[in-house]
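Beneath this line is the structure, given in structure tokens, with notes to follow.
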4 protein chains.
Amino acid sequence: MQDVTKQILEFTSERNWDQFHTPENLAKSISIEAAELLECYQWNSNGDIQEIKEELADIMNYSLLLCSKLGLDPKEIILEKLEKNKAKYPVEKCFGKSDKYTKL
Amino acid sequence: MQDVTKQILEFTSERNWDQFHTPENLAKSISIEAAELLECYQWNSNGDIQEIKEELADIMNYSLLLCSKLGLDPKEIILEKLEKNKAKYPVEKCFGKSDKYTKL
Amino acid sequence: MQDVTKQILEFTSERNWDQFHTPENLAKSISIEAAELLECYQWNSNGDIQEIKEELADIMNYSLLLCSKLGLDPKEIILEKLEKNKAKYPVEKCFGKSDKYTKL
Amino acid sequence: MQDVTKQILEFTSERNWDQFHTPENLAKSISIEAAELLECYQWNSNGDIQEIKEELADIMNYSLLLCSKLGLDPKEIILEKLEKNKAKYPVEKCFGKSDKYTKL
């Protein structure tokens with residue numbers, strides 16, 4: 001993923017876009033792209049795979065950019081959160097249940 | 001990222017949560033987590049870094065899960081979209097401008 | 001607002017769109033339109049007023065449709081929630097503060 | 001709706017919250033509340049009606065606040081957009097179809 005992040009950073013730096021990429025603006029951008037992905041499923045369960053690929057790529061693109069901006073390692077924060085989720089959702093309490101941990 | 005995806009898949013499979021993870025539900029989940037990240041910036045530009053880390057991790061977690069579900073390679077689709085963006089946003093037309101390509 | 005809702009319902013019924021308007025699909029639609037509004041503010045604080053008007057209208061349109069679908073009275077639920085918020089955010093505790101009630 | 005807006009404005013003014021309610025922050029807030037509504041439908045099609053009512057109320061609350069902030073009349077902009085949608089979606093072209101106007 002480091003190589004991918006490097007290419008994303010080059011793309012934005014070549015366009016002098018770094019000035020727009022405040023953490024707040026990147027957070028807004030992730031929400032906007034996430035809704036474009038959701039639009040693929042607005043009226044039914046099967047979206048167009050080409051559009052889905054592109055929207056999903058945009059979400060990950062901005063997520064990697066925000067990680068880079070905040071000095072976070074993507075792999076590290078995902079695994080850290082996974083550990084936290086293991087504690088919040090013990091197998092014996094949540095097996096086969098979609099309830100939020102506050103309702104378990 | 002393959003190792004991370006593998007750990008995420010183990011986590012969900014141990015909880016028998018695969019049944020809930022339709023592409024549509026994962027798309028909804030990404031939007032929900034993206035809004036929780038946005039909430040860190042709701043009233044100001046500086047969110048709590050611990051909360052930001054966790055929400056960003058959730059977004060990437062669900063994004064990797066959706067990639068896996070749809071048989072997509074995260075790195076591949078990000079780089080593919082980057083190529084497409086290079087064509088949509090030629091340096092000479094968009095240097096230092098935040099306009100959408102439809103308005104350039 | 002009853003008259004507005006009536007006109008929205010006529011518009012959808014003339015197009016035989018009622019079949020698509022499940023509460024879940026309307027909830028997705030509100031998120032999608034909300035992100036389109038957010039896009040007006042993606043890179044700066046001043047969006048185009050014409051676009052803002054239209055996206056805001058779409059959000060309220062789908063919200064009224066969801067109220068109608070669930071048999072809810074818009075005015076009633078807004079005022080009910082306002083009462084709840086008064087209890088959650090007592091003036092003396094939250095005056096001039098943007099903290100969430102969980103952090104007050 | 002004017003009476004409702006008036007009560008919402010009193011609620012925020014009593015708390016000295018007007019300073020936080022820039023159009024941009026209100027747009028973010030609508031997205032955040034829309035995602036909380038979506039969360040009611042995250043894993044299935046039937047959400048808890050009490051939670052749905054409250055999230056829907058929050059969305060409309062912030063939408064009315066943004067209308068007020070921008071000097072827009074809710075009823076007027078909804079009906080204006082409805083007229084525009086009638087032109088974008090002529091009955092004979094879109095009857096019983098959920099396609100976006102760009103794909104009709």
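The values are calculated or read from the model by the stated rules, or taken from the named source; none is laboratory data. These numbers come from a predicted model, not from an experiment. Here the Cβ positions follow ideal geometry from the backbone for every residue, glycine too, while neighbour counts run over all protein chains shown. The accessibility values were calculated without ligands, DNA or RNA, using every heavy atom of the protein model including side chains. Shrake-Rupley method; radii C 1.70, N 1.55, O 1.52, S 1.80 Å.
For D:Ala87, inter-copy separations between label points set 7 Å beyond Cα along the Cβ vector come to 3.3, 4.8, 5.8 nm, shortest first.
Rolling a 1.4 Å probe over the protein chains gives C:Arg15 an accessible area of about 10 Å². Highest mobility in the GNM of chain B, judged by mean-square fluctuation with C-alpha springs under 10 Å and restricted to B:Ser13, B:Ser45, B:Ser63, is found for B:Ser45.
Taking all protein chains together and rolling a 1.4 Å probe, C:Thr102 ends up with roughly 90 Å² accessible.
The residue in chain D that lies nearest, by its beta carbon, to the axis linking chain D with chain B is given here with the distance in whole angstrom as D:Ala35, 2. For the pair segment C:42-89 and segment B:73-95, the centres of their Cα atoms are 35 angstrom apart. Residues B:Trp17, B:Trp43 ordered from highest to lowest accessible area at a 1.4 Å probe: B:Trp43, B:Trp17. Add -39500 (n - 2.57) for each DSSP H run of 4 or more in chain C, then divide by its residues: what number comes out at 222 nm, to the nearest 500 deg cm²/dmol? After summing the helix terms and dividing by the residues of chain C, the value is -22000 deg cm²/dmol.
For D:Tyr101, the solvent-accessible surface with a 1.4 Å probe is about 100 Å², rounded to the nearest 10.
When a 1.4 Å probe is rolled over the protein heavy atoms, the share of accessible surface on the protein assembly as shown that falls to carbon and sulfur comes to 47 percent. Along the charge dipole of segment A:14-77, Cβ charges K/R +1 and D/E -1, which of A:Tyr62, A:Pro74, A:Gln42 sits furthest on the positive end? Comparing the listed Cα positions along the dipole, A:Pro74 ranks first.
In nanometers and ordered shortest first, the copy-to-copy spacing of the B:Glu10 label point, defined 7 Å from Cα toward Cβ, is 3.4, 5.9, 6.2.
Within straight-line reach of A:Lys81, meaning a Cα separation under 16 Å, sit the following aspartates and glutamates at least 8 residues removed in sequence or on another chain: A:Asp73, B:Asp3, B:Glu10, B:Glu33, B:Glu36, B:Asp48, B:Glu51, B:Glu54, B:Glu55, B:Asp58. At the listed q of 0.08 Å⁻¹, the Debye profile of the protein assembly as shown, built from one uniform point per Cα, gives log10 I(q)/I(0) equal to -0.43. Between D:Ile49 and A:Ser45, the C-beta separation translates, for a Förster distance of 25 Å, into a calculated FRET efficiency of about 0.60.
Here the translational diffusion coefficient of segment B:1-72 follows from Stokes-Einstein with Rh set to the Kirkwood radius across Cα pairs; for 25 °C and 0.890 mPa s it amounts to 189 µm²/s.
Residues whose amide H falls under 5 Å from that of D:Tyr89, counting only those 5 or more places apart or on a different chain, are absent, with hydrogens built in the peptide plane. Distances, shortest first, from the label point of B:Gln50 to those at the same position in the other copies read 3.0, 4.7, 4.8 nm; the point lies 7 Å along Cα to C-beta. The candidates D:Phe11, C:Phe20, arranged from most to least accessible area with a 1.4 Å probe in the full protein assembly, appear as C:Phe20, D:Phe11. Considering only alpha-carbon pairs that sit under 8 angstrom and 6 or more positions apart, the relative contact order computed for chain B is 27 percent. Taking A:Asn16, A:Asn25, A:Asn44 in turn, the Gaussian network model of chain A (Cα-Cα springs below 10 Å) assigns the largest fluctuation to A:Asn44. The B and D chains share an interface that buries close to 1400 Å² of accessible area, total over both sides, probe 1.4 Å. Ordered from highest to lowest accessible area with the whole protein assembly present and a 1.4 Å probe, D:Met1, A:Met60 read as D:Met1, A:Met60. Inter-chain Cβ neighbour count for C:67-76, averaged per residue, equals 3 (cutoff 10 Å, partner chain atoms only).
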